[in-house]
Structure formats: C-alpha cells, structure tokens
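> Dropping a structure here in structure tokens format, bear with me for questions.
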Amino acid sequence: MRPSGRKTDEMRAVSIETGVNRHAEGSCLIRVGDTQVLCTASLEERVPPFMRGSGLGWVTAEYGMLPRATNTRMRREAKAGLTGRTQEIQRLIGRSLRAGVDRVALGERQITVDCDVIQADGGTRCAAITGGWVALRLAVNRLMKAGAVLSDPLSAPVSAVSCGIYAGQPVLDLDYPEDSEAGVDGNFVMTGERLIEVQMSAEGATFTREQLALLLDLASQGNAALAEAQRAAVA
C-alpha cells in the first residue's frame, strides 16, 4: 500500500496554470500533488559568446528552492552559494528542454527558463522540466505570432516523471514519503515515445532488467498523461 493510497500506476493530481507572471514571455505554475513550481521563460536577442555567429539558438535553465519549500528552512543559495545538487538539476532541465528544440529554427537568440520551487513534496526536477516546457512553448508562441521565427522550433512536448520501487513494487510518480524510502529511484525524461534522459539509482536495493522494463512502461504512461496536460495548458 502506498502512503497516499494511490494505485501503483496512479499519478498525483496535475494542474498547470499559465500566464502567472505578467513580465515573462512565458510562465506557468505547475502543481503535481503538493509539489509546486513556478516556471518562467525569458527571451533575449543574443546568445552566449561561444555561439555567436553560429545561427543557432540556445535554451538554458536555472533552478532554485525557496527557503520554506521544505519542512525545515533552508539557507538561500544566493547567500550560501549554489549546491552541487542545484547545479546538477538545472543542467538536467536545460539539456532536457534543448532536446526538444530545433535550434536552427529558433534562430540566434536565447531563452532562459527559470524554475523556482515554491513547495516540495518529491519530484521537483520532473515538475520543473514539465512546467518549463510549457513556459518555453508560450515564449515561442510569442515569437511566432510576431513573425520572428519562420517555422515552429518545438515539436512534441518534453516532460519528466519519477518512477521507483517502493515496498518491493514498481510505482509511478513518487511523492516525498516514497522517494525517501524507495529501494530504487529514477527520473525519466521523454518527448513523445522517445527517451531524452534516464536517471536511475539503487538507493537501498539493486534491480533487475525486468523491473527496469516495468519502470519504463510506467514512465511512458505517466509522461503521456503529462503531455496531454501540457497541450491542454497551451491550447
């Protein structure tokens, strides 16, 4: 039995509210259960120095957690400095989003996606990727409406979901109580039926090929549901 009472293949409730920041070119607040992440996309008509003159666009990301996003207060990273965990997560978000972008079609400009965790209950990086794509989609929509790009640089939605082995069973979309006790924990980033990145680790027990196959099936199911929510949010 899962602590939440959910079935093994049941996700938490997902909602995506767009247009929550009046200044950003694209924004949304994504809620996955009790996890809440504010995602904004900012457009700049420039690229990093190493890309100047390449004709390619660039998508990057930054990630952070508010001090009381968790059950005890954390020091602000602006004061304490970025942790290795934060750097790893924001690189993951950037890589994931870029995998779904035609950088030639985007043109020589940069979009920065900021993901700020308001409340954490497991799966913050997955929620950030999923909501980050919605913010990115809205920013690209603005470019297309203005005629700044000739063809759509985004194809299928990019989303991410966690899966793991909890109490000996493969489960979809781990919340914090499950994540903190899971024998195996993984994050699956996908676009359509194609994998972008898989992060898997044995937290308390090793796992078999058969168990990995079951987790991949759960991830495909979960990401398909998230893609539907993303499309509905930007429709």
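> For the chain, take the longest principal axis of its alpha carbons; what is the angle in degrees between that and the long axis of helix 209-234, to the nearest 10 within 0 to 90?
Between the helix axis and the principal axis of the chain, the angle is about 40 degrees.
> Please list, ordered by chain and number, the residues whose modelled amide H lies under 5 Å from the amide H of LEU154; skip anything fewer than 5 residues away on the same chain.
ASP102
> Which order do peptides 43-54, 167-178 fall in by mean Cβ count within 10 Å, highest first?
Details: 43-54: 11.2, 167-178: 19.5.
So the order, starting with the most tightly packed, is 167-178, 43-54.
> Okay, moving on. Cβ neighbours within 10 Å, averaged per peptide: list 108-118, 19-29 in order, most packed at the top.
On the way: 108-118: 20.4, 19-29: 18.1.
Those peptides, ordered most packed to least, come out 108-118, 19-29.
> Under a point-charge model restricted to the Cβ atoms of Lys and Arg (+1) and Asp and Glu (-1), what is the dipole moment magnitude of the chain relative to its Cα centre, in debye to the nearest 20?
On the way: 26 positive and 28 negative charges, 152 e Å.
That gives a dipole near 720 debye.
> Let me spell out the model: positive unit charges on the Cβ of Lys and Arg, negative unit charges on the Cβ of Asp and Glu, origin at the Cα centre of region 1-126. What dipole size does that give, in debye rounded to 20?
Working: 20 positive and 15 negative charges, 90 e Å.
Around 440 debye, computed over region 1-126.
> Would you list TRP58, TRP133 from fewest to most Cβ contacts within 10 Å?
Values: TRP58 21, TRP133 33.
Lowest to highest Cβ neighbour count: TRP58, TRP133.
> Choose one of ALA127, LEU56, MET74: the residue whose Cα lies farthest towards the positive end of the charge dipole of region 1-157 (beta-carbon charges +1 Lys, Arg; -1 Asp, Glu; about the Cα centre).
Checking the options against the dipole of region 1-157, the answer is MET74.
> Which angle between 0 and 90 degrees, to the nearest 10, do you get for helix 124-145 versus the longest principal axis of the chain when only C-alpha atoms count?
Roughly 20 degrees, rounded to the nearest 10.
> Additional query: Using amide H atoms built 1.01 Å from N in the peptide plane, name the residues 5+ places from GLU197, or on other chains, whose amide H lies under 5 Å from its own.
Under 5 Å from the amide H of GLU197 lie the amide H atoms of VAL189, each far enough along the sequence or on another chain.
> Near SER96, within a Cβ-to-Cβ distance under 11 Å, what is the net charge of the other residues, with Lys and Arg +1 and Asp and Glu -1? Intermediate results must be reported in sequence, preceding the final value.
Numbers: positive: ARG91, ARG95, ARG98, ARG125; negative: GLU197.
Charge balance in the 11 Å sphere: +3.
> Related question: When the helix-only estimate is applied to the chain (DSSP H runs of n ≥ 4, each -39,500 (n - 2.57), divided by the residue count), what is the mean residue ellipticity at 222 nm, nearest 500 deg cm²/dmol? The partial results should precede the final answer.
Numbers: 6 runs with 75 residues, N = 235.
Per the formula, -10000 deg cm²/dmol.
> Quick check: the angle from helix 84-98's long axis to the longest principal axis of the chain, C-alpha only, nearest 10 degrees?
60
> Please report the net charge: other residues with Cβ closer than 13 Å to the Cβ of SER159, K and R +1, D and E -1. Working shown, then result.
Details: positive: ARG125, ARG137, ARG194, ARG231; negative: ASP173, GLU193, GLU197, GLU228.
My count for the surroundings of SER159 gives 0.
> Give the Rg/Rh ratio for the chain, taking Rg as the radius of gyration of the Cα atoms and Rh as the Kirkwood radius, to two decimals. Walk me through the numbers on the way to the answer.
On the way: Rg = 17.7 Å, Rh = 18.1 Å.
The Rg/Rh ratio comes out at 0.98.
Any read-out appearing in this document is the output of simple, stated calculations on the displayed coordinates, not a laboratory observation. What you see is a predicted model; the values in this text were computed from it and never measured. When we count neighbours, we look across all protein chains shown, and the Cβ atoms used for this are built from the backbone with ideal geometry, even at glycine.
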